[in-house]
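The values are calculated or read from the model by the stated rules, or taken from the named source; none is laboratory data. Since the structure is predicted, the reported quantities are computational estimates derived from the model, not experimental observations. Every residue, glycine as well, gets a Cβ built from its backbone with ideal geometry; the counts of neighbours run over all protein chains shown.
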Amino acid sequence: MKILFVINNFYTKGNGLCASARRTVKKLKERGLDVRILSAKNPDPNGEQPDYILDDYKMPIFNHLIKKQGYSFAKTNKRIAIDAINWADIIHLEEPFAIEMAVAKLAKNMNKPCTATYHLHPENLFATVHLDKTFLNGLTLKWWKKSCFDKCKIIQCPTENVKERLEANGFKSELRVISNGLVVEDLVNTNDTEVKKISDAKYTIITIGRYSVEKNLKTLLNAMKYSKHNKEIQLIFAGKGPQEKKLKKLANKLVKKGVLKYNPVFGFYPLDELQRLSRGSDLYIHLAYIEVEGLSCMEAVQTGLLPIIAKGKFSATSQFANDQNSTYTEKDPKDLASKIDYWLENGEKRKAEALKYKDLVYEYNIEYSIDALIEMFSDAIKM
């Protein structure tokens with residue numbers, strides 16, 4: 001089976017969508033499948049390059065912001081796209097943007113089947129410019145549906161939450177719930193007993209994710225105003241992104257006012273160090289209010305951390321929660337503070353519950369996802 005993955009830039013760092021695509025392609029190749037990439041070139045000149053190389057597209061006005069979000073776009077090249085489509089048995093679209101729309105249209109004209117993964121909501125884009133509650137989201141979803149997704153045989157929905165939204169919006173393609181999958185064996189990168197402490201604080205709380213509006217990291221800082229243990233807590237924000245200055249400014253303000261004793265730590269860490277920091281923490285907080293799946297949560301809990309997860313209309317990550325004390329109402333710092341205090345004050349129960357989450361991780365092993373994707377590709381070819 002010859003599978004063509006279409007994505008704006010397969011090699012972008014600090015972006016969950018691209019990281020997921022790289023993991024999936026690696027696993028498909030390990031299964032002996034022939035996979036090629038249609039993408040803009042790797043920004044690292046010494047790194048591997050896509051099989052079909054597109055030029056970069058710099059969007060006027062917004063290019064700097066797009067780069068800060070860990071993203072980039074490719075220019076559509078019809079000749080290159082036709083060559084790639086001619087080679088493939090099946091075309092898989094990783095995004096619903098201009099290059100994918102063009103490829104979907106060409107593939108349909110050339111009688112080649114397409115599948116797609118629904119990786120992001122329109123709100124993920126518009127939250128950055130504070131337009132996530134406007135009519136633009138509905139219009140964008142209709143545009144994506146008509147120009148991209150409805151030209152696909154099957155759409156991978158990473159969660160039931162996504163499937164329900166697409167069904168409600170009349171998507172024509174078959175919808176299959178298939179997790180993006182977690183590489184469980186990544187834990188071999190560090191010893192299970194190896195931990196890293198940032199300070200001598202009694203408690204350490206970590207959150208992992210891009211510093212962007214929809215990740216809503218400020219709610220964790222604001223929750224410290226209401227926590228009974230605020231002066232005993234060391235906060236770690238593992239990530240990078242355009243909201244970094246604003247978050248640091250708010251953190252410094254809380255320290256100056258005496259709300260926090262320990263300066264929150266901000267940084268982007270390699271996987272092994274991130275796992276050591278997670279093992280040295282007491283809680284993991286998942287704050288995003290727009291999230292298609294949120295496997296960074298499972299990556300954290302597989303180290304033995306108990307999560308507290310934002311619950312809202314467009315955040316699917318709360319599906320991982322085992323009980324009501326592991327969720328809070330999105331953007332509500334008081335509710336989050338109450339859940340933090342509950343778990344910090346119930347240490348033995350916290351440790352016992354964390355072990356249950358650690359076992360849950362294996363249900364999301366990427367190997368199961370690869371099995372389902374291979375079946376999806378095969379079925380789409382036969383349709």
Fill in the blank from the handout: Given (1) over 14 Å from residue 197 (Cα atoms); (2) in contact with a Leu (Cβ under 6 Å, 6 or more places away or on another chain); (3) small (Gly, Ala, Ser), residue 278 misses just (1)
Exercise for the section: Tell me, yes or no, whether the stretch 240-248 has at least one residue that is free of Cβ contacts under 8 Å to residues at least 12 places away in the same chain and not in a loop (DSSP other than H, G, I, E, B). Expected result: yes
Handout entry: Selection status of residue 257, surrounded by fewer than 14 Cβ atoms within 10 Å (Cβ to Cβ) and over 26 Å from residue 364 (Cα atoms)
Key = yes
Exercise for the section: State whether one or more residues within the stretch 286-305 are outside the structural domain of residue 115 (by TED's automatic domain parsing), closer than 25 Å to residue 194 by Cα and assigned to a strand (DSSP E or B). Expected result: yes
Handout entry: Leading residue by the ranking (surrounded by the most Cβ atoms within 10 Å (Cβ to Cβ)) among those in the stretch 149-180 that are more than 24 Å from residue 99 (Cβ to Cβ) and either in contact (Cβ under 8 Å) with a residue 60 or more places away in the chain or not acidic (Asp, Glu) (or both)
Key = 159
Exercise for the section: Kindly indicate whether any position in the stretch 260-270 is at pLDDT 95 or above and part of a helix (DSSP H, G or I). Expected result: no
Completion exercise
How many residues of the stretch 320-342 are assigned to a helix (DSSP H, G or I), of a type in the set (S, T, N, Q) and under 29 Å from residue 181 (Cβ atoms)? The answer is 3
Problem - Test: residue 315 is closer than 17 Å to residue 162 by Cβ, of a type in the set (S, T, N, Q) and not assigned by TED's automatic domain parsing to the domain that holds residue 164 - result: yes
Completion exercise
Checked 378, 338 against criteria (out of contact with any Phe, Trp or Tyr (no Cβ under 8 Å at 6 or more places or on another chain), of a type in the set (S, T, N, Q) and on the phi < 0 side of the Ramachandran plot); the one match is 378
Completion exercise
When restricted to 8, 42, the only residue outside the structural domain of residue 295 (by TED's automatic domain parsing), of a type outside the set (Ser, Thr, Tyr), in contact with a strand residue (DSSP E or B) (Cβ under 6 Å, 6 or more places away or on another chain) and farther than 20 Å from residue 366 by Cβ is 8
Practice task
Filter the stretch 347-383 down to residues that are under 19 Å from residue 1 (Cα atoms) and of a type in the set (Gly, Ala, Ser) and give me whichever is nearest to the chain's Cα centre (by Cα).
Solution key: 369
Handout entry: Lone unmet requirement of (1) assigned to a helix (DSSP H, G or I); (2) touching a residue at least 24 places away in the same chain (Cβ under 8 Å) for residue 253
Key = (2)
Practice task
Could you pull out the residue among 135, 97, 73, 126 that is modelled with pLDDT under 95, surrounded by fewer than 17 Cβ atoms within 10 Å (Cβ to Cβ) and of a type in the set (A, V, I, L, M, F, W, C)?
Solution key: 135
Fill in the blank from the handout: Picking from 352, 310, the residue that is small (Gly, Ala, Ser) and in a helix (DSSP H, G or I) would be 352
